[in-house]
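Accompanying notes for the structure given below.
The values are calculated or read from the model by the stated rules, or taken from the named source; none is laboratory data. Nothing here was measured: the structure is a model prediction, and the numbers come from that model. Heads up, the Cβs are rebuilt from the backbone with ideal geometry, glycines too, and the neighbour counts pull from every protein chain shown.
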Amino acid sequence: MEMTLLHLTTGFLLWMCCATHKASAGAACEDPPLIEFGKIVSGIKSEYEENDRVQYTCDPGYALSGSEWVTCHGKVWMPGPPQCLERPCGSIPSVANAAFEGRSKEKYEPGETVRYQCHEGFQVTGPPEIFCRRGTWSTPPICEDVRCGPPPENPNAHIISTQQQRYLPGAKVHYECESNSQIMGVNYVICSDGHWTKVPNCRGPVQVLQKDANTPARKNG
């Protein structure tokens, strides 16, 4: 009786061992490989059997190169894990009152840069270059209008320069004071950053006080 019980116990342990080994050996493939800038989104299991499939996807800004589905076949994932490659950028964003350097292309590779040049009379605000990253261009600059409008008026002077609607930075407009008045300082204004410098000042003639002939001269002492 004791021998029979021993045999049964030994047999049960051997069966458990073999069953456990068989379950472990039943995994046809190891876990599917991880990929940079992507992840597995479908078919995840604790153990993978023959013909099991998993699906990959890429992070935003990256494009899948290869098959999104791979299959466990003969302990190997077929056709092999895909790659996630950084997306290129499309056409260059337009910037008002500016042109970009170089030739236009339909597609720009990641890392490529484009430089803008503002038109005359406009000044760049922000970095003049943009770069392609993950299929998106960085923020383009703004070309701010730094021209000046009509020059300021001076009630005691008139403008002698040819007048325009808009003036480029550095432009000068000259004034001439009315008769019997004299200009103080420079006789012009300069356009700078969209504004005019201080308008010239015209001062009237100095009045000389005449002594009254009827007023007796003051004696010394």
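Quick notes on this structure:
- Given (1) among the charged types (D, E, K, R); (2) at pLDDT 95 or above; (3) over 26 Å from the mean Cα position of the chain (by Cα), index of the condition R133 fails: (3)
- Residues in region 137-174 that are part of a strand (DSSP E or B), at pLDDT below 95 and buried (at least 18 other Cβ atoms within 10 Å of the Cβ): A157 alone.
- For G126, the criteria (1) surrounded by 12 or more Cβ atoms within 10 Å (Cβ to Cβ); (2) out of contact with any Cys (no Cβ under 9 Å at 6 or more places or on another chain); (3) more than 21 Å from D193 (Cα to Cα) hold in every case but one, which is (3).
- Count of residues meeting criterion [farther than 20 Å from E86 by Cα and in a loop (DSSP other than H, G, I, E, B)] in region 25-62: 15
- The criterion of being crowded, with 16+ Cβ neighbours inside 10 Å and either modelled with pLDDT under 95 or under 26 Å from A28 (Cα atoms) (or both) holds for V70.
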